[in-house]
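A short write-up of the structure that comes next.
What follows draws every value from the coordinates through simple rules; no lab data is involved. Here the structure is a predicted model, which is why all the values come from computation and not from measurement. With ideal geometry, Cβ positions are generated from the backbone for all residues, glycine too; neighbour counts draw on all protein chains shown.
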Amino acid sequence: TRPETETPGLTFPTGFVWGAATSAYQIEGAVTADGRGTSVWDTFCRQPGRIVGGQNADVAIDHYNRYRDDVALMADLGLTAYRFSVSWPRVQPDGAGAINARGLDFYKRLVDELLGHGIDPWVTLYHWDLPQALEDAGGWPARDTSKRFADYAAAVHAELSDRVRNWSTVNEPWCAAFLGYASGEHAPGRREPGAAIRAAHHLNLAHGLATQAMRAQDPASRIGGCVNLYAISPATGSDADLDAARRIDGLQNRFFLDALLKGAYPEDVLADVAHLTEGGFIQDGDMATISAPLDMLLINYYSRFTVSGAPGGALSAAAAPTDSGSPWVGSEHVGFVNGGRPVTGMGWEIDDAGLYEILMRVHEEYPPIPLVISENGAAFDDVVDDGAVHDPDRAAYIEAHLRVCHAAIEAGLPLQGYFAWSLMDNFEWAWGYGKRFGLVYVDYETQLRTAKSSALWYADTIRRGGLPSPAE
Ligand code: GBH
């Protein structure tokens, strides 16, 4: 026992949400079970050169069959909330029409299991697994996909909102649009810059339409949008570097924050991409729909980009070593340079101060809204030794970012919770299984789960309700 740590130096408010997150395609497996349809990721993984090692998530970590054990694990860790996503093709195999009750039943069972363990379910409706039939009909660059999403969202919400209070619509629309349709690093792997801008708009529209539909069905639901934000620095104070920083900040952060929270796209970004979007893509009423009132903003934060307007930098900050181009539509000349910080196993720079910067900025530059960190975490090379897994770097990463969360709360920000990415090691998209983000180690041969030292540390932190003061 360590009684001196029982009273933490940095106590989080009562009711602070201590969570961990996952997404459907990355963990479920069982891709043909119970009438599930095909998603763009099933298709993408079968194309040569898309995924490191040619891997796929047909089995993933078999969560579809092991969810009871996984919920028990969450309970052992003392999580107060679990953020997961619903697989659209499981619930609506072709993305339109009748609901597949057997697919939806899985999420009912999961939610019941969570509630039975006192864990609050946080549902994300879309984490990138578009039904293939909708991609065949044009995908996110087609406006109709937004309406299909709203119908799907309403159907899931109608069945679960009696037991699920916290909802979010689209996870990281930036990734879905620009990695899916511009760089091609993610499914469906298209490289069409103009289409990517349309996709981004339709993902925002899908968010707005779904929000309105769910709000009308059950006013008690708490609904949020989920964006991945980066801290951005210019490499130097030169005009070219400052312009590069403006452009990347515009596409990565402001395009989504301004749309959701202010109901308008930033004029400078629209100008940067105007040559790619002739004829326009915004219809009357869209921006009002997209900025439908929200109960919270979910922020995924991982790192900082240092950008340069001079030729010679990397195409992107951390693309997988697979077949892809630049995601930075209209700003393909911008380069990414090393900011000189220590990096994670993804090569992403560790910058907890960047999280503070992002939180403050949202707080100061946008209308007031409760905030939640819906993803934060890191891949590292875990050391597996005699059945135990040592990952002190991951605990240090999370601790540093939690200290920032505490400081933000102290500064008066309405920050309500923190979800570590990820609960368990899983299928890391274009990187396959080679990168591990989990608090829990998964042996991909046996599917055995082992809490890493970071998980034990996180459990301890939750139990204490905070962190030791820096001096301890
Ligand atoms: C999250 O996205 C995802 O929501 C989650 O599913 C995933 O497993 C987790 O992160 C870990 O990757 O090199 O310029 O193309 C993180 C956001 C955005 C991080 C794209 C990497 C690469 C930028 N990702 N970014 S670039």
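Tabulated results
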item: Karplus 3J(HN,Hα) series, Hz, for the range 143-151 with 6.51 cos²θ - 1.76 cosθ + 1.60 (x for Gly, Pro); result: 4, 4, 4, 4, 5, 4, 5, 4, 5
item: Per-bin percent of Cα-Cα distances, the range 123-164 [5 Å]; result: 5, 21, 29, 21, 13, 7, 3
item: Antiparallel %, DSSP beta bridges [both residues in the range 1-155], to 5; result: 10 percent
item: The chain - share of DSSP beta bridges that are antiparallel (%, nearest 5); result: 25 percent
item: For Gly35, net neighbour charge (Lys/Arg +1, Asp/Glu -1) across residues whose Cβ lies under 9 Å away; result: +2
item: For the range 271-342, diffusion coefficient by Stokes-Einstein and Kirkwood Rh (Cα), 37 °C, 0.692 mPa s, µm²/s; result: 208 µm²/s
item: Fewest-first ranking of Met424, Met346, Met74, Met360, using other Cβ atoms within 10 Å as the exposure measure; result: Met360, Met346, Met74, Met424
item: Whole-number Å³ per residue for the convex hull built on Cα positions in the range 72-122; result: 69 Å³
item: Set of lysines near Lys452 by C-alpha distance (under 30 Å), chain-local residues within fewer than 8 positions excluded; result: Lys108, Lys435
item: Long-range HN-HN contacts of Ser39 with modeled amide H, under 5 Å; result: Gln132
item: Isotropic mean projected area of the C-alpha convex hull, the range 1-127 (nm²); result: 10.7 nm²
item: Hydrodynamic radius by Kirkwood, which averages 1/r over all alpha carbon pairs of the chain, in angstrom; result: 22.3 Å
item: The chain, helix-only ellipticity at 222 nm - DSSP H runs n ≥ 4, -39,500 (n - 2.57), divided by all residues, nearest 500; result: -11000 deg cm²/dmol
item: Residues whose placed amide H lies under 5 Å from that of Gly225, excluding near-sequence neighbours; result: Met296, Leu298
item: Rg to Rh quotient for the range 104-194, alpha carbon positions, Kirkwood Rh; result: 1.05
item: Rg/Rg_globular for the range 197-293, with Rg_globular taken as 2.2 N^0.38 Å and Rg from C-alpha atoms; result: 1.23
item: Cβ-defined net charge surrounding Gly95, 15 Å radius [Lys, Arg +1; Asp, Glu -1]; result: -2
item: Cβ crowding within 10 Å averaged over residues, with 429-442, 254-267 ranked highest first; result: 429-442, 254-267
item: For Glu375, distant residues with modelled amide H under 5 Å away; result: Ile299, Asn300, Tyr301, Phe419
